[in-house]
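Okay, structure first, notes after.
The values are calculated or read from the model by the stated rules, or taken from the named source; none is laboratory data. Computed from a predicted structure; not experimentally measured. So basically every Cβ, Gly included, is an ideal-geometry build from the backbone, and we count neighbours across all protein chains shown.
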Amino acid sequence: MHRLSRHFFAAALVGAICQLSIGASTEELGVPDASNSSNQSASEKLLDEAVGLERDGRYDPALAAYQELLDKHTSGATHEETLRRVARLHAKLAQYPMARKRCKEFLDTYPNSGSRAKVLAKLAWLENRLENRQAATEAFAELHAKFPQSAQAPDAAYWLALNAADEKDSEQAHRYTDWLLENLANQTGERAHKLWGQALCLKCLLEASDSRWQAIRVLLRNTGDRLKDEPTRARTAFWLAEAEFRTENYDQARNLFKKLKLQITGLDEPWVAMVPLRQAQLTARRQQWTEVLKLLDGFDQKYPEFELDYEVDYLRGRALAGRAEMTAAREAYHRVLSNTSAQKKETAAMAQWMIAETYFHQHDYARAKEIYLKVIERHTQPEWQARAALQAGKCWELEGRWDKAKSLYSTALHRWSGSESENQLQVRLKWAASQVTKRR
């Protein structure tokens, strides 16, 4: 049961991006130009008035005052400060194209400004808001490369890591994520701590995408006490439980998912539905079929948007078949086959195969054979096609059609060479061939 897709995990992580503030600046004004003290004093007074108007919510007069200052000054400390403030105010008023224009003007005019990292960050988020992804990427990359020690660098690195992951650039995604984990590990600020936790979750997602489950186990060892944010604690707890499940440490996984059940109370994220599903799958390994059905009771109502709902129906079918409720089991398996999300998935082939198995166990070999052959004809899952051929051949044997069984076994061995069923197919082929010879 390790076939589950992973892309829906990313939804919770992408939603965790914390946008940089483009609100009011608290920086002081530049030092007055001593060569023109009277003019500078008047400009400072006008700038103070503009700041006051903005603070009082009188944005149009504030913008007019800022524009008057920009008209009077084409360079210098007052012009620099005014440009930065007017860009911020345009952004605050959702006038994003104008805010972007002013940010670019600032960066072109003051390449050595001490505020360059802040303005680059503003520009990057504005490009992101305006859906100019490439421009946002370039701004964030410049910010991170040129100002790695700035307060804005961690947010830039996180955005770049998410963007790289989305673009399937694993190398870059790992690079930025590793930078975050290393550089924020010993910082104590609330923002840094939260971003470190988000980077940890993203690192788990990246490792999971490469099926590096052992790496996740090592990564998350002794990290629980460092995470104060409850949603992040729950996410990392899930990844650890999932890693134990994927590495077949089922007892440990069972304990971790049981503890996690308490942590997800009230948490509304796509991956949360995986917890009861995994609990049910682990219970199925013990063939506790009644308990499996209890764990899945009400699942559809509680998680109506779950992308892997066909896995739930498949598991229901397993449990019902285990209780010898074959008709109900077949209904559950047919729901898998009719689910568009399950098409071309291994689970669909398994469901088809299990429908045939229910008939086989009821000694309806003709019906069983018909459905085993559908697994071969309608699916592209070699292991399950080989298993279906093996079982369909047995049905031919039970009907005394040794020639048909021999032909099917021979075809299967050629078509799915190296399958897990190969040895059994060879044994059945030898036996069927001997029976054909005997009956001549």
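Answer yes or no: is there a residue in the stretch 412-423 that is in a helix (DSSP H, G or I), crowded, with 23+ Cβ neighbours inside 10 Å, at pLDDT 95 or above and at negative phi. First the steps, then the outcome.
Restricting attention to the stretch 412-423, the residues satisfying the condition of being in a helix (DSSP H, G or I) are 412-415, 422-423.
Narrowing further to those that are crowded, with 23+ Cβ neighbours inside 10 Å: 412.
In the following step, the residues that additionally are at pLDDT 95 or above were identified as 412.
With at negative phi added as a condition, the list becomes 412.
Scanning the stretch 412-423 turns up at least one residue that is in a helix (DSSP H, G or I), crowded, with 23+ Cβ neighbours inside 10 Å, at pLDDT 95 or above and at negative phi.
One line per residue, one yes/no per condition, for (1) modelled with pLDDT of 95 or more; (2) more than 23 Å from residue 335 (Cβ to Cβ); (3) among the β-branched types (Val, Ile, Thr); (4) in contact with a Leu (Cβ under 6 Å, 6 or more places away or on another chain):
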position: 357; (1), (2), (3), (4): yes, no, no, no
position: 365; (1), (2), (3), (4): yes, yes, no, yes
position: 378; (1), (2), (3), (4): yes, no, no, no
position: 382; (1), (2), (3), (4): yes, yes, no, no
position: 387; (1), (2), (3), (4): yes, no, no, no
position: 390; (1), (2), (3), (4): yes, yes, no, yes
position: 397; (1), (2), (3), (4): yes, yes, no, no
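Residues checked against (1) within 29 Å of residue 344 (Cβ to Cβ); (2) of a type in the set (Ser, Thr, Tyr); (3) within 40 Å of the chain's Cα centre (by Cα):
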| residue | (1), (2), (3) |
| --- | --- |
| 383 | yes, no, yes |
| 388 | yes, no, yes |
| 399 | no, no, no |
| 411 | yes, yes, no |
| 417 | yes, yes, yes |
| 420 | yes, no, yes |
| 429 | no, no, no |
| 435 | no, no, no |
| 440 | no, no, no |
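Taking the stretch 144-177 as the search range and keeping residues that are assigned by TED's automatic domain parsing to the domain that holds residue 198 and basic (Lys, Arg), which one is surrounded by the most Cβ atoms within 10 Å (Cβ to Cβ)?
Residue satisfying both the conditions and the ranking: 175.
Residue 311 - would you say it is touching a residue at least 40 places away in the same chain (Cβ under 8 Å), buried (at least 18 other Cβ atoms within 10 Å of the Cβ) and under 25 Å from residue 249 (Cα atoms)?
So residue 311 passes the test.
Conditions (1) more than 41 Å from the chain's Cα centre (by Cα); (2) over 18 Å from residue 136 (Cα atoms); (3) part of a helix (DSSP H, G or I), marked per residue:
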| site | (1), (2), (3) |
| --- | --- |
| 66 | yes, yes, yes |
| 79 | yes, yes, yes |
| 113 | no, yes, no |
| 125 | no, no, yes |
